[in-house]
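For reference, the structure discussed in these notes is given below.
The values are calculated or read from the model by the stated rules, or taken from the named source; none is laboratory data. The structure displayed is predicted, hence computed values, not measured ones. FYI the Cβ positions are ideal-geometry reconstructions off the backbone, even for glycines, and counts take in every protein chain you see. Accessible surface areas use protein heavy atoms only, side chains included; no ligands, DNA or RNA. Shrake-Rupley method; radii C 1.70, N 1.55, O 1.52, S 1.80 Å.
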Amino acid sequence: MSKDKASGKACMNFMNVLLIVLGLVVAGLTIYLNKVDNIPPILSSLNFLMGAGYLIGGLLIVFGIVGICASYGGCLLYLYCILITILSIVCIVATIALIVLTVGMKLKESGNSSIVDQVDNITLSFISKEENGESWKNIQNVLKCCGYTGLEETGDSCSADPKGPDCRAFIFDQLETYCLVATVVILVVTVFVLIINCASCARWKSDCQNQ
C-alpha cells in the first residue's frame, strides 16, 4: 500500500469515526428534547422534527460505519462517494433553513416576520386542543408563566397574585436557543461531511489512477 493511499485511508477512518460520534450527539439531543418538560409547544406539535432528528442521527452513524468499510476501496468506495455527496447537499440545505429560522426568531420584536406569525399560529392551535391541556399546564408551571397572549391561562402562576408573566416571551427565548444549538450542530456536521466528501472523492480518484 502506497504512503498516499495509507494516509488517505487513515484520514477517512478518522473522519468517519467523528461522523459516528456526531450521529450519536444528534440522536442524543433528539432524545433530550423528547424528555424535557419545558419544550416549546411548536416543537412538541411537530412530531416529524423529532423523527427527522432520529433519522439524521441514524444516517450519520450508518454513513460513518459504511465510510470506514469504504476506506478500503473498491465498488463500495464509489457508492459511498455518491451517497456522501447527496448527504452533503442535504446538510447544506438544512443549515440554510435553520439559519433562516434563527434569523426569523430574532425578528419577533419587529412584528414583520412570517416565521413568528407561524409560530404563534401553531402554538395557539396546540394549546387550544383539549388533549394538550395537561401538557400546556405543565409547560406553564415549569416556566412559571401564565397563558399565551392572554389565552389558555391554566398554569398555577395564573392564580397567584401577581399573576405570572405571559409565556410567549419565554417560549420564543427557548425556541431561539434550540434553533441556535441546532444550527451549530448541523453546521459542524455539514463541515465534517464536506471534508469526508472531499477525502473520499480524492481517495476514489487516486484508486482509479492507480488501476
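Of note:
- The lone criterion from (1) touching a Gly at 6+ places or on another chain (Cβ under 8 Å); (2) modelled with pLDDT of 80 or more left unmet by THR149 is number (1).
- Residue within region 164-186 that is exposed (fewer than 14 other Cβ atoms within 10 Å of the Cβ), over 30 Å from ILE61 (Cα atoms), free of Cβ contacts under 8 Å to residues at least 60 places away in the same chain and hydrophobic (A, V, I, L, M, F, W, C) present: yes
- Flag if VAL116 is closer than 27 Å to ALA169 by Cβ and either surrounded by 18 or more Cβ atoms within 10 Å (Cβ to Cβ) or at pLDDT below 75 (or both): yes
- For region 152-174, filtering for residues that are at pLDDT 80 or above and in a helix (DSSP H, G or I) leaves 11.
- Search result, residues across region 30-45 that are of a type in the set (Ser, Thr, Tyr) and either open to solvent by 50 Å² or more (accessible area, probe 1.4 Å) or at pLDDT 65 or above (or both): THR30, TYR32
- Residue match in region 48-71 (condition: at pLDDT below 75, hydroxyl-bearing (Ser, Thr, Tyr) and touching a Lys or Arg at 6+ places or on another chain (Cβ under 7 Å)): yes
- The lone criterion from (1) open to solvent by 70 Å² or more (accessible area, probe 1.4 Å); (2) closer than 30 Å to TRP136 by Cβ; (3) modelled with pLDDT of 80 or more left unmet by ILE122 is number (1).
- Looking across region 1-29 at every residue that is small (Gly, Ala, Ser) and farther than 22 Å from LEU59 by Cα, the one that is modelled with the lowest pLDDT is identified as SER2.
- Selection within region 61-83 - in a helix (DSSP H, G or I), open to solvent by less than 50 Å² (accessible area, probe 1.4 Å) and either over 14 Å from MET12 (Cα atoms) or among the hydroxyl-bearing types (Ser, Thr, Tyr) (or both): ILE61, TYR80
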